[in-house]
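Right, one structure below, let's go through it.
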Amino acid sequence: MTQTVPYHTETRNTDTMNGTSGEKNGKLLKGMVVGAVVGGALAMLDKTTRKRVASNTSTMKDSTMGMVAKVKEDPSGVMNDWQDRLKTASTVLKEAINDAQSLYEKVNDDVIDQVNQVKDNSSELIATTKEAAEELKDIGGKVREAGEEVTEGSSPDSPSSASHDVEPIHPTNRESSIPGQIGS
């Protein structure tokens, strides 16, 4: 009896099969631990650092032992104390959240009202400015027209009409970039 063996065409990463990827991770972890130990040992060479570490360790040990002693003496009292503290903290936190939400709503409403008011005012200002610009153009056109009437209606014997090549000091027949202003 013959048995068929399946043939797989997918390629496999030989690094993961041989364990080299795991070895690399192990070397990295070992290197980090050795670096931390060496760094800690170098830090302990300083006298003030040693004193501070010893003091902090002693304080931590004392507070931990005190807590263990309290729990051994009165476990239900410690548990009730912690529950009361958590309830108080929870109440204070809820109040702070409600205050923050109220403040947010107040500021949001006030700011939105003011922004809408500024928006309306600026829209009105823009419309008024556009109207004023149009009116200035009309006024400028009328002044230009009056200037043309004056210059065209002058007599041929007048000194100003004798020299057509010379531009007047204040020309009235030129366009201006500023609405309502005549000449340049």
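The values are calculated or read from the model by the stated rules, or taken from the named source; none is laboratory data. Keep in mind it's a predicted model, so treat the numbers as computed, not measured. Because the Cβ atoms are built from the backbone with ideal geometry, glycine has one as well, and the counts that use them run over all protein chains shown.
Summary of computed values
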quantity: Filtered residues of the range 140-150 (kept if of a type in the set (Val, Ile, Thr) and surrounded by 14 or more Cβ atoms within 10 Å (Cβ to Cβ)); calculated: 143
quantity: The lone exception for residue 76 - which of (1) surrounded by 10 or more Cβ atoms within 10 Å (Cβ to Cβ); (2) over 30 Å from residue 44 (Cβ atoms) it fails; calculated: (1)
quantity: Hey, residue 48 loosely packed, with under 10 Cβ neighbours inside 10 Å, modelled with pLDDT of 90 or more and β-branched (Val, Ile, Thr) or not; calculated: yes
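Conditions tested, residue by residue: (1) basic (Lys, Arg); (2) over 30 Å from residue 64 (Cα atoms); (3) not in a helix (DSSP H, G or I).
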position: 78; (1), (2), (3): no, no, no
position: 83; (1), (2), (3): no, no, no
position: 86; (1), (2), (3): no, no, no
position: 103; (1), (2), (3): no, yes, no
position: 116; (1), (2), (3): no, yes, no
position: 119; (1), (2), (3): yes, yes, no
position: 127; (1), (2), (3): no, yes, no
position: 130; (1), (2), (3): yes, yes, no
position: 141; (1), (2), (3): no, yes, no
